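Single-structure report; data block below.
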Amino acid sequence: MESNGVRKLKLQIQMTVDGYVGGPNGEMDWMSFDWDEKGITYVNELTDSVNTILMGRKMTEGFISYWTDIVVNKKDDPQYPFARKMVDKPKIVFSKTLDKSNWDNTKIAKGDLVEEITKLKEKSSGGKGQDIIVYGGASFVSSLIKNNLIDEYHLFINPVAIGKGISIFTNKLNLKLFKSIPFNNGEVLNYYEPKK
């Protein structure tokens with residue numbers, strides 16, 4: 001889904017019903033993973049619409065090692081097809097401290113966030129399935145939101161409130177709801193775009 005040849009930056013993230021993406025110390029024990037076929041299909045279609053994954057440095061190690069372990073050691077795992085996508089898609093890690101990537105299929109971006117993302121969005125990639133996605137971490141996503149760089153918000157709202165934790169929203173943001181899908185596990189996907 002491109003518009004005027006500019007790639008979109010999409011956010012896919014799990015969130016509590018009270019708006020947190022992690023507990024006070026980054027806990028994720030509230031997250032639901034028992035997705036039904038409808039949930040799996042949605043995530044696969046979203047993943048197939050992109051050809052680049054963006055990440056903040058803090059999230060990278062756990063993310064890459066988790067999916068690589070499944071691809072290398074657990075070929076019978078039901079997550080294997082998705083893990084293959086995560087390993088095969090090019091990844092860009094935004095970091096001020098790393099000088100080189102220790103991971104396959106991964107580049108380091110060290111420049112100004114807005115300039116780097118703007119260049120990525122304008123880089124023509126010709127056709128459907130060529131957008132960009134970000135999964136986290138929280139402070140990186142928060143910076144993207146603050147700089148109005150995210151074009152689509154795919155928020156998986158878990159049926160749990162944790163009272164306090166880590167938020168990705170630090171300022172007022174007006175969004176327009178495009179789609180809301182309930183899943184059998186109690187999660188609801190809300191797809192928003194920034195209100196123009």
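Read-outs: derived from the displayed coordinates by stated rules, not from any lab. Keep in mind the model is a prediction, meaning the values are calculated, not measured. All Cβ positions, glycine included, derive from the backbone under ideal geometry; neighbour counts span all protein chains shown.
Here are some notes:
- Each of 135, 153 has some number of other Cβ atoms within 10 Å of its Cβ, and from fewest to most they run 135, 153.
- Taking other C-beta atoms within 10 angstrom as a stand-in for reagent exposure, 70, 117 fall in the order 70, 117, fewest first.
- Sorted fewest first by neighbouring Cβ atoms within 10 angstrom, 177, 98, 144, 120 come out as 177, 98, 120, 144.
- For the chain, relative contact order (Cα pairs under 8 Å, six or more residues apart, normalised by length) works out to 37 percent.
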